[in-house]
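**Q** I have a structure here, written as structure tokens, and I will follow up with some questions on it.
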Amino acid sequence: MRDMVVNQSAGHCQSNRAKKFAMEVVNRGGGTMSGIHLMCGYSFRTVWPVSPDVIAEVAHGDCLLVGGGSVAPGGTVSFNYTSYVRYDKTLLAATCDGGGGGSS
């Protein structure tokens with residue numbers, strides 16, 4: 001899992017006083033990763049919907065990235081969310097599907 005890097009912007013204020021956050025999850029390893037779960041607060045709610053194909057809450061505090069699909073080595077999944085609350089997202093789980101020496 002150490003090959004998956006999660007970055008989040010500090011948030012930019014919107015006219016409705018919510019903040020827009022930019023998220024980026026990067027696979028810096030040598031293997032394809034799937035089943036990527038992020039901790040996303042007790043209840044991930046946004047002002048503007050984020051496509052469930054990108055990130056979806058599957059349980060309280062557990063969000064699944066790209067429907068459990070794969071992120072290739074060097075691949076990035078990026079999305080924005082707008083909220084009154086910052087959800088500190090950290091990696092909960094990921095599975096290494098194989099490849100050039102990547103680890104999970």
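Since every read-out is calculated from the coordinates, none of them should be taken as a lab result. Note that this is a predicted model, so its numbers are computed, not measured. Every residue, glycine as well, gets a Cβ built from its backbone with ideal geometry; the counts of neighbours run over all protein chains shown.
**Q** Strictly under 4.7 angstrom between C-beta atoms: which cysteines of the chain have no such partner?
**A** Cys13, Cys96
**Q** I've got another one for you. Please check: in the Gaussian network model of the chain (C-alpha springs, under 10 Å), which one of Ser34, Ser15, Ser70 has the largest mean-square fluctuation.
**A** Ranking Ser34, Ser15, Ser70 by mean-square fluctuation puts Ser15 first.
**Q** For the stretch 1-101, state which trypsin sites (Lys or Arg not before Pro) are in a DSSP loop and have at most 14 other beta carbons lying within 10 Å of their beta carbon.
**A** Answer by residue number: Arg2, Arg17, Arg28, Arg45, Arg86.
**Q** May I pose another question? Calculate one ³J(HN,Hα) per residue across the stretch 7-19 by plugging θ = phi - 60° into the Karplus curve 6.51 cos²θ - 1.76 cosθ + 1.60, and present them in order as whole Hz with x for glycine and proline.
**A** Those phi angles translate into 10, 9, 6, 6, x, 10, 5, 9, 5, 8, 6, 6, 10 Hz.
**Q** Given H placed on each backbone N at 1.01 Å, which residues far from Asp97 in sequence or on other chains put an amide H within less than 5 Å of it?
**A** Answer set, sorted by chain and number: Thr32, Met33, Ser34.
**Q** Amide H of Phe44 versus every other amide H placed in the peptide plane: which residues, excluding those fewer than 5 positions away on the same chain, fall under 5 Å?
**A** Residues meeting the criterion, in which the H sits 1.01 Å from N, are Gly61.
**Q** Hey, with R₀ at 41 Å, roughly what FRET efficiency would Asn16 and Ser70 work out to, going by the Cβ-Cβ distance, to 0.05?
**A** 0.70
**Q** Less than 16 Å from a label point 7 Å out along the Cα-to-Cβ axis of Ala93: which backbone N atoms in the stretch 35-72 qualify, by residue?
**A** The answer is 35-40, 56-70, whose backbone nitrogens lie closer than 16 Å to the label point.
**Q** Can you list the residues, at least 5 places off or on another chain, whose amide H is less than 5 Å from the amide H of Asn80, using H built in the peptide plane?
**A** Residues meeting the criterion, in which the H sits 1.01 Å from N, are Met23.
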